[in-house]
Amino acid sequence: MVQVSIGGERADVGTIYALGRNYAEHAREMGAAPEPVVFLKPLSSLRPEGGLIDWPEGSQEIHHEVELVLYLGRGGVRLDRAAAAAAIGAVGVGVDLTARDLQREAKQRGAPWARSKGFPGSAPVSAFVAVAQLPVSLEQIDLELTVGGELRQRAKIAEMLLSPAEIVALLSRWFELRASDLIFTGTPSGDGAVMPGEPVVARSRALDLELELMLSTRGRAGAAR
Ligand code: MG
């Protein structure tokens with residue numbers, strides 16, 4: 001069982017849900033309608049505390065997507081907005097690593113995104129902060145991501161199309177949410193390619209959380225064996 005850390009305590013993780021196109025600017029960059037889409041990432045994609053992540057087979061183009069990640073303290077179905085807000089137990093920072101070339105191919109073929117979004121280690125996450133301990137409101141939380149020290153993405157949760165509570169409420173109409181599920185809430189503009197060996201740092205200053213990761217050269221076509 002893969003566990004995450006919430007305020008220093010270990011916590012199990014159930015299903016990993018993820019939203020796409022939840023910031024208008026990013027949706028425009030992708031040439032897509034600013035209308036959220038939902039997909040799943042397998043538990044084997046979870047990589048608490050980041051670290052070295054193997055380059056996935058068959059891809060030449062890995063993109064970073066920094067995201068706020070919700071940890072559900074309660075589950076439920078058809079939650080109203082207040083119940084959905086109360087279901088959010090903790091928040092952390094994650095990177096939805098995406099094999100963009102494989103995703104493009106899947107979109108063209110009308111095939112699922114599982115391979116491009118679910119390769120091992122494609123869901124690195126930081127430690128989590130319990131909502132009861134948050135120093136700011138959810139909307140005031142900031143996210144940023146640097147590659148090799150260069151700023152690539154920066155946003156505030158207030159810029160999301162669907163707020164964290166609205167996301168939980170929506171998902172609870174389509175799925176049976178459970179305590180311990182994780183939800184990746186979508187990435188702001190500025191997502192881009194990351195090369196093997198480049199240090200990637202995702203952080204939230206408001207939450208005082210930092211996540212470091214790096215793609216390894218292992219498995220990359222053309223790389224030394
Ligand atoms: Mg994403």
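With contacts defined as alpha carbon pairs under 8 Å and 6 or more residues apart, what's the relative contact order of the chain in percent?
Relative contact order here is 32 percent.
I'd like the antiparallel share, as a percent to the nearest 5, of DSSP beta bridges with both residues in region 3-215.
Of the beta bridges lying entirely in region 3-215, close to 80 percent run antiparallel.
Leaving out ligands, DNA and RNA, what percent of the accessible area of the chain is carbon and sulfur, probe 1.4 Å?
50 percent
How big is region 105-225 along each principal axis, measuring the range of its Cα positions in Å and listing the largest first?
Over region 105-225, Cα extents along the principal axes are 48, 36, 25 Å.
Going through region 1-60, which chymotrypsin sites (Phe, Trp or Tyr not before Pro) have at most 10 other Cβ atoms within 10 Å and a DSSP loop state?
Hits after loop and neighbour filter: nothing returned.
What is the sum of charges around residue 77, taking Lys and Arg as +1, Asp and Glu as -1, for the other residues whose C-beta is under 14 Å from the C-beta of residue 77?
After counting each charged neighbour, the total is +1.
Non-local amide H neighbours of residue 14 (under 5 Å, H modeled in plane, Pro and chain starts lacking H): which ones?
181, 182
Spelling out what I want: for every residue of region 154-170, take phi, set θ = phi - 60°, compute 6.51 cos²θ - 1.76 cosθ + 1.60 (Karplus), and round to whole Hz; glycine and proline get x.
8, 7, 10, 4, 4, 7, 5, 6, 9, 6, x, 5, 5, 5, 4, 4, 5
According to the Kirkwood expression over distinct Cα-Cα pairs, how big is the hydrodynamic radius of region 59-173, in Å?
15.8 Å
If amide H atoms are built 1.01 Å from N in the plane of the peptide, which residues on other chains or at least 5 residues away come under 5 Å of the amide H of residue 93?
Sorted by chain and number, the residues that satisfy this are 69, 126.
Quick one: which residues, 5+ away or cross-chain, put their amide H under 5 Å from the amide H of residue 215? H built at 1.01 Å from N.
Answer set, sorted by chain and number: 53, 197, 198.
Kirkwood hydrodynamic radius (Cα pairs, Å) of region 144-195?
So the Kirkwood estimate lands at 13.2 Å.
Straight-line reach from residue 107: which aspartates and glutamates have a Cα under 17 Å away, not including same-chain ones fewer than 8 places off?
29, 35, 61
Grab the other residues whose beta carbon is less than 10 angstrom from that of residue 124, score K and R as +1, D and E as -1, and report the net.
-2
Roughly how large, in nm² to one decimal, is the mean projection of the convex hull of the alpha-carbon atoms in region 3-215?
10.4 nm²
Per residue of region 53-62, what does 6.51 cos²θ - 1.76 cosθ + 1.60 with θ = phi - 60° give for ³J(HN,Hα)? Whole Hz please, x for Gly and Pro, Karplus curve as stated.
After applying 6.51 cos²θ - 1.76 cosθ + 1.60, I find 10, 5, 5, x, 4, x, 10, 10, 9, 9 Hz.
Provide the per residue accessible area, probe 1.4 Å, for the chain, rounded to a whole number of square angstrom.
45 Å²
Would you kindly state how much longer the chain becomes between residue 82 and residue 205 on full extension, computed as 0.36 nm times their sequence separation minus their alpha carbon distance, in nm to one decimal?
41.6 nm
Counting residues in region 81-138 as N, plug N into 2.2 N^0.38 Å and put the Cα Rg over that result.
1.57
Summing Lys, Arg as +1 and Asp, Glu as -1, what charge do residues with Cβ under 14 Å from the Cβ of residue 48 carry, residue 48 excluded?
Residues close to residue 48 contribute a combined charge of -2.
The values are calculated or read from the model by the stated rules, or taken from the named source; none is laboratory data. Fair warning: this is a prediction, and the values are worked out from it, not measured in the lab. Backbone-built Cβ (ideal geometry, glycine too); neighbour counts: all protein chains shown. These area figures cover heavy atoms from the full protein model, side chains too; ligands, DNA and RNA do not enter into them. Shrake-Rupley method; radii C 1.70, N 1.55, O 1.52, S 1.80 Å.
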